[in-house]
Amino acid sequence: MRTLGRYIAGEVIKGSLIAVLILLALLNFFTFADELGDLGRGNYSLASIVQYLMLTSPRNFYELMPSAALIGSLVTLGALANNRELVAMQAAGLSRLRIIMSVLAGGMILVFISLGVGEYIAPVAERAAQTLKATALQKQIASRTKYGFWVRDGDVFINIRQIERPESLGDINIFKLSGMQKLHSVTHAEKAVYDGERWRLDDILESRFQANGVVTEQKAYADWSSVLAPNLLNAFVISPENLSAYELARYIAYLKENGQQSAYVELAFWGRIVNPAVTLVMLLVAAPFVLPVRREVGMGQRIVVGVIIGLGFYLFDRTFGHLGLIYEMNPIFAASFPTLLALTGALVAIFRLRLA
C-alpha cells in the first residue's frame, strides 16, 4: 500500500510541476509581449526584458502553485482513473481515503517547494526586477545604502534619506559637480513633493562653492527640474508583494509603533500564511472530480474545469481581500475566508463519496 501511495503522490507532484511550468511559460509570454511596448525606452533592451522575466518568475511560480496543483492533480489523477488504475488500486485494498491522503502527501512536498521559493527567492528577485526595469527606463544610476537612496543624473548626485511614498520625499541632499568634476553646489531640502509634472522642494538651504568663498542661500520653496521619476522610487518603497512573511511581520510592528495604518500589510502577511493551505485545498477540490471514475470525461474537460475553478478562486480571493480593506474586516478573516469556503465545499463533496 505504501508503494501505491508513493506512486500517487509522485504522479501528483510531477503533474503539478509540469502544470506550473506551462502556466509560467504562458504568463511570461504575455508579459514579454506587454514589455515590448517599453522596448527602446532609456536603456531598456531585449536583454533587459529577458532578465526582468527571469527575475519575476519566482514570484509568479509561487502565486501559480495552487492553480497548478489543481490542474495537475485533475489531469494526472484523471488519467489514472481513465486507465482504470484507481479501480485496480481500490480492488487491491487501497481505500479512497488513502488515495486522498496520498494526494495530500504529495501536496505537502509542493508546499515546501513553494514556501522555499516564495520566502527566500521571490522577494529578493522581485525587488531586483523592479530596480532593473525602473533604472533602465529612466537611464539613471540608482542604489540603496544604509545612508539612504542614491541616484546619479549626469553631474548631479541625489541622496534621499526618507521615502514616505514615491511622490513625497524627505531629507534630500543634492550634490552638483562642475564641468571639471569639482563640487559646484550642495542643496539640502527638508521635503520634496511631486505634483504630476515637476518636483517642488520645501525648506531649502543651498551652498554654492565659488572662487572667493561659499555663498549660502535659504528659500522657502523652489521648483526642482529633475528627471528623477516617482516610478523609479517605487522599486525602493516597501511593497508587501516584495517581502517575505518575516519581513512583513517586522514591517507591521514598525507601522504600529509609529501609529501608521497597517491593514494592507497585515492582509498581505496573513495571505502569505494561508497560501500554503490553498495548495492543499485545491488538491482536495480535485478529488471529487476524479474518484468517481468516468471514462467519458477527457483530459481537455478536466483542464477546463481546473482553469475555471482556479481562476474563479483567484478572482474571488483578490476581490474579497480588497473588500476586507474597504470595510475594515479582520485581516485574518479577509485572508482566510475564501480558502475556508473552498475547503468546506471540497469536504462536503468528499464526504458524499463512499471513502471506504
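Take the Cβ-Cβ distance between Y264 and S168 as r, set R0 to 22 Å, and report the resulting FRET efficiency rounded to the nearest 0.05. The value I calculate is 0.80. Note on region 141-227: Rg/Rh from Cα positions, Kirkwood definition for Rh, rounded to two decimals, is 0.97.
Counting only DSSP beta bridges with both residues in the chain, tell me the antiparallel percent, nearest 5. Numbers along the way, then the final one.
On the way: 47 of 47 bridges.
If I count the DSSP bridges inside the chain, around 100 percent turn out antiparallel.
Adding -39500 (n - 2.57) for every DSSP H run of four residues or longer, then dividing by how many residues the chain holds, sets the calculated 222 nm ellipticity at -20500 deg cm²/dmol. The C-alpha atoms of the chain define a longest principal axis, and helix 96-116 lies at about 20 degrees to it.
Once both labels are positioned 7 Å from their Cα atoms along Cα-to-Cβ, the gap between A33 and Q301 label points is 3.0 nm. Our Cα-only numbers for the chain put the radius of gyration and Dmax at 26.7, 99 Å. Here the spin labels are modelled as points 7 Å beyond Cα on the Cα-Cβ line, and at S225 and L97 they lie 7.8 nm apart. Against the chain, whose longest principal axis comes from its Cα atoms, helix 122-138 is set at around 40 degrees.
Taking other C-beta atoms within 10 angstrom as a stand-in for reagent exposure, M329, M65, M101 fall in the order M101, M329, M65, fewest first.
In percent, what relative contact order does region 141-227 have, based on Cα pairs under 8 Å that are 6 or more apart in sequence?
Details: 188 pairs, mean separation 15.3, N = 87.
Rounded, it is 18 percent for region 141-227.
When exposed loop sites are taken as chymotrypsin sites (Phe, Trp or Tyr not before Pro) in a DSSP loop with at most 10 other Cβ atoms within 10 Å, the longest stretch of the chain clear of them is 148-326.
Between helix 299-326 and the chain there is an angle of about 50 degrees, using the helix long axis and the longest principal axis of the Cα atoms.
Overall, the chain carries a charge dipole of about 1460 debye about its Cα centre when +1 sits on the Cβ of Lys and Arg and -1 on the Cβ of Asp and Glu, all other atoms neutral. Label-to-label distance for M180 and A79 is 7.5 nm, based on points extended 7 Å past Cα in the beta-carbon direction. Each residue of region 32-46 was assigned a 3J(HN,Hα) from its phi angle through the Karplus curve 6.51 cos²θ - 1.76 cosθ + 1.60 (θ = phi - 60°); the sequence is 4, 4, 5, 5, 4, x, 9, 4, x, 6, x, 9, 7, 9, 4 Hz, with glycine and proline shown as x. For the pair V124 and Y314, what calculated FRET efficiency results from E = 1/(1 + (r/R0)^6), where r is the Cβ-Cβ distance and R0 = 41 Å, to the nearest 0.05? The formula returns an efficiency of 0.95 here. Loop-located trypsin sites (Lys or Arg not before Pro) in region 1-110 (DSSP state not H, G, I, E or B) with no more than 13 neighbouring Cβ atoms inside 10 Å: R41, R84.
Values in this text are rule-based calculations from the coordinates and carry no lab data. These numbers were taken from a predicted model, which means no experiment stands behind them. Cβ coordinates were reconstructed from backbone atoms using ideal geometry, including for glycine residues, and neighbour counts include every protein chain displayed.
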